[in-house]
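Peer 1: After the structure tokens below, expect a handful of questions from me.
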Amino acid sequence: MTPTAARLDSFHRRLLDWFDDHERDLPWRHDGTTAWGVFVSEVMSQQTPVARVAPIWAEWMTRWPRPADLASVPEAEAVRAWGRLGYPRRARRLHAAAVAMVEDHAGEVPDTEEELLTLPGVGQYTAAAVAAFTFGRQAVVVDTNIRRVHARWETGHALPEPSLTRREMALAAELLPSEESGLSPRYNAAVMELGALVCTARSPRCGDCPLLDDCAWIAAGRPEPHYTPKGQPWAGTKRQIRGAIVGHLREREDGDARTTTIQAVVGSVQPSPEPSRVEECLEDLIREGMVTQDGDRVTL
DNA sequence: AACTCGTGGCA
DNA sequence: TTGCCAAGAGT
């Protein structure tokens, strides 16, 4: 299960050579991007395609170039500026993280995984990614792309298990180039990039893969993933209704704020569920702080 | 450990 | 057309 030193060396060399020729020109990879810029890009990219993140990230960097700039505006400003990236609670956590940086870290992005992990919205992946990509640290970065590359190249499975296991983290740590080599940050980016561009979940481009002749999944005959039936109807779920509520509010421009009546919110959700169900979701959003209430009016 | 939390593009 | 999937985190 532990690859031989020779196979591991080949793995590193092929990935890094491939990355030299295929690295995407993402805006946060440009020279001069600050640690704050990398931090924001990582949070925005959680569960969200990077192509959709790029324009919003650019707006945020112009508007709030330092943590203190975001921390100085109301949290609702961040939620409004989030646009349609999805999971808008991430905007609130990003704002809270900026406040924490100002209050506890001299207005800077902390430069260790341990400190990064204390920030709202920062979990195992984001802490490792920021530590590696902006501070050049030795960190075990494991995202969905890296998990899939590892599953195929080493384990021979089409896709990783639904939830991240300790075994996977241990494997990722074993596959990391040594600290002395100084290659691990760029290697981490390279594996992620391969997963995003070549070793994709659907229709992988194995013909373009630098690891083709050394891949356990290929050697096993590219077995299919085991099908897991979890298909549930989307319409009527809390997530759908919450999305419709916040989406409706987002479009209700009224000066700086985005506000309307509870009644208008209830009438805006399509297909229309029971009004009580919409009200329940609205109450959740108010309780969580995503939406504020003033009498019969609600504001994003 | 299993669930919840948005949104849009694409095969 | 519709289900799958995308740089996960929090509980």
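Peer 1: Go through segment A:113-146 and count every residue that is open to solvent by 20 Å² or more (accessible area, probe 1.4 Å), within 20 Å of A:Pro67 (Cα to Cα) and either assigned to a helix (DSSP H, G or I) or basic (Lys, Arg) (or both).
Peer 2: Selection size over segment A:113-146: 4.
Okay, residues lined up against (1) in the same structural domain as A:Ala129 (by TED's automatic domain parsing); (2) outside any helix (DSSP H, G or I); (3) open to solvent by 40 Å² or more (accessible area, probe 1.4 Å); (4) of a type in the set (A, V, I, L, M, F, W, C):
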site: A:His12; (1), (2), (3), (4): no, no, no, no
site: A:Leu15; (1), (2), (3), (4): no, no, no, yes
site: A:Phe19; (1), (2), (3), (4): no, no, no, yes
site: A:Glu42; (1), (2), (3), (4): yes, no, no, no
site: A:Gln47; (1), (2), (3), (4): yes, yes, yes, no
site: A:Ala51; (1), (2), (3), (4): yes, no, yes, yes
site: A:Trp57; (1), (2), (3), (4): yes, no, no, yes
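Peer 1: Any chance you could count how many residues in segment A:241-257 are touching a strand residue (DSSP E or B) at 6+ places or on another chain (Cβ under 9 Å) and open to solvent by 40 Å² or more (accessible area, probe 1.4 Å)?
Peer 2: Of segment A:241-257, the ones touching a strand residue (DSSP E or B) at 6+ places or on another chain (Cβ under 9 Å) are A:245, A:248-252, A:254, A:257.
The next check asks that each one be open to solvent by 40 Å² or more (accessible area, probe 1.4 Å); those that pass are A:248, A:251-252, A:254.
Residues that pass the stated criteria total 4.
Peer 1: I'd like to check which helices (runs of 4 or more DSSP H) are fully inside segment A:199-272 and have at least 2 residues that are modelled with pLDDT under 95 and within 11 Å of DNA strand B (Cβ to nearest atom). Break it down into steps so the answer makes sense when it comes.
Peer 2: Numbers: elements: A:216-219, A:238-251, A:262-268.
It comes to A:238-251.
Peer 1: Moving to a separate point now. Go through the residues of segment A:261-282 one by one and say whether even a single one is within 24 Å of the chain's Cα centre (by Cα), open to solvent by 30 Å² or more (accessible area, probe 1.4 Å) and of a type in the set (A, V, I, L, M, F, W, C). Talk me through it step by step, then tell me what you get.
Peer 2: Of segment A:261-282, the ones within 24 Å of the chain's Cα centre (by Cα) are none.
No, that holds for no residue.
Peer 1: Could you grab the pairs with beta carbons closer than 7 Å, sequence gap of 6+ or different chains, first residue in segment A:91-104 and more than 13 Å from DNA strand C (Cβ to nearest atom), second one among the charged types (D, E, K, R) and not in a helix (DSSP H, G or I)?
Peer 2: Going by the 7 Å Cβ cut-off, the qualifying pairs are A:Met101/A:Glu108.
Peer 1: Take the conditions more than 14 Å from DNA strand C (Cβ to nearest atom) and either modelled with pLDDT under 95 or open to solvent by 20 Å² or more (accessible area, probe 1.4 Å) (or both) and apply them to A:Glu23. Does it pass?
Peer 2: Details: more than 14 Å from DNA strand C (Cβ to nearest atom): no; either modelled with pLDDT under 95 or open to solvent by 20 Å² or more (accessible area, probe 1.4 Å) (or both): yes.
Criteria not met by A:Glu23.
Peer 1: For segment A:156-169, state whether one or more residues are crowded, with 16+ Cβ neighbours inside 10 Å, aliphatic (A, V, I, L, M) and more than 16 Å from DNA strand B (Cβ to nearest atom). Walk me through it before giving the result.
Peer 2: Let us first name the residues in segment A:156-169 that are crowded, with 16+ Cβ neighbours inside 10 Å, namely A:156-160, A:164, A:168.
Filter once more, so that each one left must be aliphatic (A, V, I, L, M): A:158-159, A:164.
Of the ones still in play, those that are also more than 16 Å from DNA strand B (Cβ to nearest atom) are none.
No, there is no match, as no residue in segment A:156-169 is crowded, with 16+ Cβ neighbours inside 10 Å, aliphatic (A, V, I, L, M) and more than 16 Å from DNA strand B (Cβ to nearest atom).
The values are calculated or read from the model by the stated rules, or taken from the named source; none is laboratory data. Bear in mind that the values here come from a model prediction, so they are computed numbers and not experimental data. Glycine gets a Cβ as well: all are built from the backbone with ideal geometry, and neighbour counts include every protein chain shown. Each accessible area value is taken on the protein alone, full model and side chains, heavy atoms only, with ligands, DNA and RNA left out. Shrake-Rupley method; radii C 1.70, N 1.55, O 1.52, S 1.80 Å.
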